[in-house]
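Participant: I'd like to ask some things about the structure below.
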Amino acid sequence: MRFAEAWRVAIDALRANRLRSTLTMLGVIIGVAAVVVLVAIGTGTKQQIERQVEGLGSNLLIVLPGQVSLGSAPSVSRMDLSDVDAVSKIVGDRNRVAVTVASGETVAAGNVDTFATINGVIETTPQVFVRSLARGTYLSRSDVDTQRRVAVLGWTVARALFGDRDAVGQQVTIAGVRFRVIGVFAKLGQSLGVDRDNEVHVPITTAHRLLGTNRVDGIAIKAPNRDEIDDLSARIIAELARRHPGTEFSAVTQEQILGVLGDILGVLTGVLAAIAGISLLVGGVGVSNIMLVSVRERTKEIGLRKAVGARPRDIGVQFLLEAVLLTTLGGFIGMGLGIGAALVVAALSPVPAAITWWSLALAFGVSAAVGIVFGVVPAQRAGRLDPVVALRTE
Amino acid sequence: MSGSGVDAAFVVQDVTREYALDGVTVPALRGVSFTVDAGDYVAIIGPSGSGKSTLMHLLGGLDRPTAGSLRIGGRDVAGLDPQALARLRNETIGFVFQSFHLLARTSAVDNVALPLVYRGMRASERRRRAVAMLERVGLGHRLDHRPNQLSGGEQQRVAIARALVTDPQVLLADEPTGNLDTRNGQAVLALLETLNAEQGVALVIVTHDNEVADRAHRKIVMRDGVIVSTDVPPASPTADEGVS
């Protein structure tokens with residue numbers, strides 16, 4: 001029998017039992033759609049986080065006290081502003097060094113208040129990290145040197161306190177102390193469920209007085225180019241270790257952060273895909289089951305086809321094609337459904353979703369393979385059916 | 001017939017067929033011998049359980065004998081695997097069944113063309129042959145009707161057209177009139193006999209109806225797995241030569 005003919009016969013058989021074919025396909029449809037959507041969400045999240053880490057700025061080196069690894073609690077810093085001066089001297093350019101001391105505080109304006117992260121910083125922050133302002137200006141060096149009570153608000157904070165009104169020029173109270181708003185950051189969005197716009201930048205000198213401390217939590221350095229990062233990192237850590245005997249310091253680069261996050265999210269995506277794959281497997285078992293029923297039901301037809309000259313192989317191919325057609329058709333519909341669902345998720349929820357060609361190819365390939373694997377047994381059974389017995393069946 | 005160089009339709013020599021049922025061997029045929037010449041018209045008659053259905057399955061190449069020799073159209077079935085048997089059925093034998101065995105949801109012309117599908121023939125050529133054969137059995141006006149839109153007599157005529165479309169050497173009819181009323185049964189028999197006479201296709205009818213069997217040129221009467229009476233010459237070299 002010609003191959004095209006076998007396809008036609010398989011399509012006719014599926015059409016004859018439209019409801020059953022659809023229900024059988026449903027298992028595959030759901031499985032493939034689940035694979036596509038979950039992989040899209042996993043990939044989308046990974047891409048979003050990578051973009052955000054990259055968005056911090058390139059050639060970034062972050063120096064922190066203690067041994068840095070994901071999951072370890074941050075240790076209490078012993079660094080202060082004199083360490084920042086020492087690091088600036090090594091780097092050779094104060095504009096390439098940023099610092100932070102952070103604390104969670106209540107920020108109020110009139111009778112409205114909100115809770116936000118207060119970052120004590122120096123005026124170089126926008127040059128080291130990539131940050132842009134929606135309104136007003138950023139802190140100046142004289143703001144830092146003279147401990148001015150001025151603040152730049154994150155988008156969320158500005159929105160919470162002032163709504164649609166312009167925050168620049170307004171007064172806010174941080175931990176009971178009044179500050180004048182001089183700028184508002186452009187919106188950054190969320191990262192791993194954390195609102196990155198819920199922060200306020202104030203001069204670090206002002207922050208030290210406000211918080212009653214002189215510590216520096218971390219120092220960030222923007223290296224002039226990629227090649228200098230390792231050398232710079234080693235020299236800075238050596239200098240800090242010399243200044244603080246007994247304290248460990250470590251430096252992480254953007255690449256390292258990206259690498260670790262990428263690994264974690266890759267595993268996460270894999271696990272999601274595997275779970276969805278199980279449902280695809282269950283769909284395959286359903287296909288196998290229905291094909292066995294179909295072989296039994298069409299025993300007479302098989303007998304007749306054999307009587308008029310069908311070889312065992314012709315019958316086997318016919319049933320195998322039916323199973324493969326069921327799963328690949330289900331695979332196509334599931335892919336469409338999965339793409340649609342991923343687009344809806346990306347559009348209507350904060351969860352990002354990115355459709356990748358490999359997840360589509362994988363889902364489609366697996367569904368076709370499922371058809372072959374789960375169609376083989378029913379097809380063999382049909383092919384081996386004794387024509388005498390088959391014709392006798394009424 | 002052998003004188004004209006055409007192989008006999010069937011040469012059956014001492015054929016036995018046993019079935020294993022729950023570990024017990026049940027003989028359905030116990031040493032059957034006869035010959036059906038090309039173009040012959042033979043009826044096989046006997047009550048149910050006489051072994052005539054088993055014999056028909058063997059003649060149709062659907063089954064192989066346990067012992068003895070069976071030649072269909074000059075080919076010994078003993079050496080044939082399932083693929084080769086399928087090809088033999090396709091090329092040599094046309095089946096007509098009591099219950100028609102037409103594919104539902106499939107037009108008359110596609111039912112008739114079915115055996116040609118397994119020859120790998122092009123769709124246009126299949127259709128041309130199937131239409132010609134349906135016209136030959138008087139159903140040229142029913143080409144695209146489905147079995148459930150046809151009467152019993154018409155369905156059996158579609159089945160006959162399907163049996164003949166491959167231009168077989170033998171038509172093997174198993175109770176072809178069993179599911180038809182007298183008038184339609186007579187018409188179907190007349191059609192089969194016309195085809196036998198005009199196309200030279202050998203006709204073997206398996207039946208339990210004496211009236212049907214009496215119309216054949218020869219009659220093989222079976223009982224309990226053996227032939228109890230026949231006017232068909234036994235299969236032997238001398239008998240083979242004797243006919244011509």
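The values are calculated or read from the model by the stated rules, or taken from the named source; none is laboratory data. Predicted model, so just to flag it, every value in this text is computed and none were measured. Reconstructed Cβ throughout: ideal geometry from the backbone, glycine too, with neighbour counts over all protein chains shown.
Participant: Say we look at the stretch B:32-53 and pick out the residues that are within 27 Å of A:ALA310 (Cα to Cα) and within 14 Å of chain A (Cβ to nearest Cβ); which of these is farthest from the chain's Cα centre (by Cα)?
Facilitator: Once the filter is applied, the top-ranked residue is B:GLY51.
Participant: Something else about it: Name the single residue, out of those in the stretch B:28-78 being among the basic types (Lys, Arg) and within 19 Å of B:GLU18 (Cβ to Cβ), that is modelled with the highest pLDDT.
Facilitator: B:ARG30
Participant: Could you tell me whether any residue of the stretch B:85-93 is without any contact (Cβ under 8 Å) to a residue 60 or more places away in the chain, more than 8 Å from every other protein chain (Cβ to nearest Cβ), surrounded by fewer than 19 Cβ atoms within 10 Å (Cβ to Cβ) and out of contact with any Phe, Trp or Tyr (no Cβ under 8 Å at 6 or more places or on another chain)?
Facilitator: Yes: one or more hits.
Participant: Among the residues of the stretch A:282-297, are any within 14 Å of chain B (Cβ to nearest Cβ) and more than 17 Å from A:LEU360 (Cα to Cα)?
Facilitator: Yes, the stretch A:282-297 contains at least one residue that is within 14 Å of chain B (Cβ to nearest Cβ) and more than 17 Å from A:LEU360 (Cα to Cα).
Participant: Let me ask something else about it. Looking at the stretch B:94-112, which of its residues are of a type in the set (A, V, I, L, M, F, W, C) and within 10 Å of chain A (Cβ to nearest Cβ)?
Facilitator: Result: B:PHE95, B:PHE97, B:PHE100, B:LEU102, B:LEU103, B:ALA104.
Participant: Could you please give the count of residues in the stretch B:157-199 that are under 14 Å from the mean Cα position of the chain (by Cα) and either outside any strand (DSSP E or B) or under 21 Å from B:ARG128 (Cβ atoms) (or both)?
Facilitator: Residues in the stretch B:157-199 being under 14 Å from the mean Cα position of the chain (by Cα) and either outside any strand (DSSP E or B) or under 21 Å from B:ARG128 (Cβ atoms) (or both): 19 in total.
Participant: Here is a follow-up. Taking A:ILE315 as the residue in question, decide whether it is hydrophobic (A, V, I, L, M, F, W, C), out of contact with any Lys or Arg (no Cβ under 9 Å at 6 or more places or on another chain), within 14 Å of chain B (Cβ to nearest Cβ) and surrounded by 17 or more Cβ atoms within 10 Å (Cβ to Cβ).
Facilitator: No, not satisfied.
Participant: Report, by residue number, each residue of the stretch A:86-114 that is of a type in the set (Val, Ile, Thr) and in contact with a Phe, Trp or Tyr (Cβ under 7 Å, 6 or more places away or on another chain).
Facilitator: A:THR106
Participant: Conditions: (1) within 29 Å of B:ALA197 (Cα to Cα); (2) among the hydrophobic types (A, V, I, L, M, F, W, C); (3) away from chain A (no Cβ under 13 Å). B:VAL26 meets all but one. Number of the miss?
Facilitator: Condition not satisfied by B:VAL26: (1).
Participant: Would you point out the residue of the stretch B:54-82, among those that are within 15 Å of B:VAL226 (Cβ to Cβ) and assigned to a helix (DSSP H, G or I), that is farthest from the other protein chains (Cβ to nearest Cβ)?
Facilitator: So, considering only residues that are within 15 Å of B:VAL226 (Cβ to Cβ) and assigned to a helix (DSSP H, G or I), the one farthest from the other protein chains (Cβ to nearest Cβ) is B:LEU55.
Participant: With the structure loaded, tell me whether B:PRO27 is in a loop (DSSP other than H, G, I, E, B), over 16 Å from B:LEU203 (Cα atoms) and not hydroxyl-bearing (Ser, Thr, Tyr) or whether it fails that test.
Facilitator: no
Participant: Give the residues of the stretch A:7-22 that are more than 9 Å from chain B (Cβ to nearest Cβ), over 11 Å from A:LEU329 (Cβ atoms), in a helix (DSSP H, G or I) and in contact (Cβ under 8 Å) with a residue 12 or more places away in the chain, sorted by residue number.
Facilitator: Residues satisfying the conditions are A:TRP7, A:ALA13, A:ARG20.
Participant: Can you pull out the helices (runs of 4 or more DSSP H) entirely within the stretch A:208-325 that have at least 2 residues that are at pLDDT 90 or above and farther than 24 Å from A:ASN95 by Cα?
Facilitator: Counting at least 2 such residues, we get A:254-297, A:299-307.
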